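Heads up: the structure comes next, in structure tokens.
The values are calculated or read from the model by the stated rules, or taken from the named source; none is laboratory data. What you see is a predicted model; the values in this text were computed from it and never measured. All Cβ positions, glycine included, derive from the backbone under ideal geometry; neighbour counts span all protein chains shown.
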Amino acid sequence: MSQQQKLANKVAIVTGSSKGIGAAIAKELASQGASVVVNYSSSKVDADRVVGDIVNAGGKAIAVQANVAVQSDIARLFAATKETYGKLDILVNNAGIYSFAPLESVTSESITAMFSTNVSGLLFASKAALALFPAEGGSIVNIGSVVGELTPPTSVVYSGTKGAVNSITVSARFRTPSLRC
């Protein structure tokens, strides 16, 4: 842990943080002093590895299984955070899924899966965070993608979800005074 812990006494949830960008974000927040909730949908082994890395570096972290596409799972994620840490200061909406296909190959299942995780999950997690943030507010970081603006021909659905993330972020920033996006 660094001497300068800008996030000491802060609590963060990072969705989809058992690997990749989410794991790196969780570790960085912990290195800055935050207690971190490492969220995973299916890979407990990977989530436990991230928690172990954080704890071994002197940080605080727990792993909580929750599929952000399922509202009852989101409720459980935030309840576990409140039970363990008593509050929430930072939400990083990182969880996301993707598959690439041209428009003529898109299925209703792929549309539903990507929008449920990438858009609905982000919205419902953000709503749950607002209820747990302190009176002075909190911070929400939504992980977008360049494909929300630059749309490759085989990413029609994924691009749509990331475009929605961009719009949601801008809208929330201007309409929720205690929220930092």
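Of all residues in the range 56-78, those that are loosely packed, with under 14 Cβ neighbours inside 10 Å and under 17 Å from Ala12 (Cβ atoms) total 2.
Going by the conditions given, is Ala79 without any contact (Cβ under 8 Å) to a residue 24 or more places away in the chain and among the aliphatic types (A, V, I, L, M)? Judged against the criteria, Ala79 is a match. Need pairs with beta-carbon distance below 6 Å; first residue closer than 25 Å to Ile97 by Cα and within the range 37-64, second among the hydroxyl-bearing types (Ser, Thr, Tyr) and assigned to a helix (DSSP H, G or I); sequence gap 6+ or separate chains. From residues that are closer than 25 Å to Ile97 by Cα, the pairs are Val37/Thr81; Ile62/Thr84. Checked against the criterion of being closer than 19 Å to Ala26 by Cβ, among the hydroxyl-bearing types (Ser, Thr, Tyr) and crowded, with 20+ Cβ neighbours inside 10 Å, the range 101-122 has at least one qualifying residue. If you scan the range 35-55, which residues turn out to be surrounded by fewer than 19 Cβ atoms within 10 Å (Cβ to Cβ) and either over 21 Å from Lys82 (Cβ atoms) or of a type in the set (S, T, N, Q) (or both)? Within the range 35-55, Ser42, Ser43, Lys44, Val45, Asp46, Asp48, Arg49, Gly52, Asp53 qualify.
Condition check ((1) in a loop (DSSP other than H, G, I, E, B); (2) within 28 Å of Ala164 (Cα to Cα)) across all residues:
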site	(1), (2)
Lys6	yes, no
Ser18	yes, yes
Ile25	no, yes
Ala30	no, no
Phe115	no, yes
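When each of Ile54, Ile25 is tested for being of a type in the set (Val, Ile, Thr) and within 21 Å of Tyr158 (Cβ to Cβ), the lone residue that passes is Ile25. Of the numbered criteria (1) in contact with a Phe, Trp or Tyr (Cβ under 9 Å, 6 or more places away or on another chain); (2) of a type outside the set (Asp, Glu); (3) farther than 18 Å from Ala69 by Cβ; (4) part of a helix (DSSP H, G or I), the one Val157 fails is (3). Flag not set for Ala131, criterion: of a type outside the set (Lys, Arg), out of contact with any Pro (no Cβ under 8 Å at 6 or more places or on another chain), under 30 Å from Lys87 (Cβ atoms) and at pLDDT 95 or above. Residues in the range 66-97 that are of a type outside the set (S, T, N, Q), within 15 Å of the chain's Cα centre (by Cα) and not in a helix (DSSP H, G or I): how many? The number of residues fulfilling the criteria is 12. Of all residue pairs spaced 6 or more apart or on separate chains, those with beta-carbon atoms under 7 Å, a first member in the range 124-141 that is farther than 15 Å from Ser72 by Cα and a second member that is assigned to a strand (DSSP E or B) and among the charged types (D, E, K, R) are Gly137/Arg180; Ser139/Arg180. Kindly provide the set of residues from the range 32-56 that are assigned to a helix (DSSP H, G or I) and over 19 Å from Asn67 (Cα atoms), ordered by number. Once the filter is applied, which keeps residues that are assigned to a helix (DSSP H, G or I) and over 19 Å from Asn67 (Cα atoms), the range 32-56 yields Gly52, Asp53, Ile54, Val55, Asn56.
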